[in-house]
Amino acid sequence: MTSIIKYLFVSICILLYLSSHHRHHHHVVAVSVSGGTFRPVRAPSYPLAVRTPYLSAWLPGGQNGAQLAGAWPHFWTGAYLGWAGMISVDGVVYQFLGNPAEDFVATLPSVLQYDAEFTSTSTIFRSNAGPINITVMFLTPVTPMDLILQSIPCSYMSVHVESTDQKPHQVALYADINAAWAVGNIGLDIVASYEQRKMSPSSSGQSMHVHSVSPASPTLFGEVAQQANFGSAVFATNALPGSSVQSGYRVDVRGEFIHNG
């Protein structure tokens, strides 16, 4: 299906059930300041999805105390990018990415971040949400032996949860992006589409939810505010049992998850 709308917020909701996990500890250099531990240091800005000049999402380190929850990611120019993440734990909803709480202040607390770490290819945030710990990893792989794969402007976000009380808990995850990823001016019209696509031609039964957004009036190799005014921003995840997708206005889509999971 294809539609032209002013603003787009894409949601992907995955239902998970927790089991206990054992954590291995490693010795690293770390800096502890108000707001948690930062490894190896507290960075001026944290890369989230950084692959090309057009795929370049950052969390400013001086914004909101370098907390992933409660602050919106930025394009490298400083422009806002809508990228929200929420988690429901036994019916209680928290925000862990971005600031969707700006529309639901009374009902949406933030997870409690206690650790932030970055390496040459990944940025990792560790937080607590009630009886679970949540680890959010942003990965931009480097594949020097596969130049075709290396040339694909793609980055990954993964979420891992574990019980802190050794008991099972019902958990649901939510993530969305907005049209700012596809156009340099949020007021411009976009084209939005969705399809469920097989992960590969040879895959058996495995598929993905794939949302795409692109400018309604693209200009080849053109830019708006340093962002590409051509091509598409693609937001995708595995089509796991129990997952669902929805497009619409942010209050409606996010509100659906907050109130109904």
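Just so you know, all these numbers are worked out from the coordinates, no wet-lab data involved. Everything numeric here is computed off the predicted structure, so don't read it as measured data. So basically every Cβ, Gly included, is an ideal-geometry build from the backbone, and we count neighbours across all protein chains shown.
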Shape parameters for the stretch 137-197, alpha-carbon atoms, Rg then Dmax in Å | 17.7, 49
With all pairs of different alpha carbon atoms counted, what Kirkwood hydrodynamic radius in Å does the stretch 37-125 show?
-> 13.6
If the convex hull of the alpha-carbon atoms of the stretch 179-261 is projected onto planes in all directions, what is the mean projected area in square nanometres?
-> 6.9
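Using only alpha carbons, build the gyration tensor for the stretch 56-106 and give me the equivalent ellipsoid semi-axes, biggest first, whole Å.
On the way: eigenvalues 96, 20, 18 Å².
In descending order, the three semi-axes are 22, 10, 10 Å.
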Can you grab the distance from the C-alpha centre of the stretch 116-133 to the C-alpha centre of the stretch 56-111, Å, no decimals?
-> 14
Provide the FRET efficiency to the nearest 0.05 for the Met199-Tyr156 pair, computing r from the beta carbons and using R0 = 22 Å.
-> 0.95
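With N residues in the stretch 96-221, what two-decimal value do you get for its Cα radius of gyration over 2.2 N^0.38 Å? Walk me through the numbers on the way to the answer.
Details: Rg = 18.4 Å, N = 126, 2.2 N^0.38 = 13.8 Å.
The stretch 96-221 yields a ratio of 1.33.
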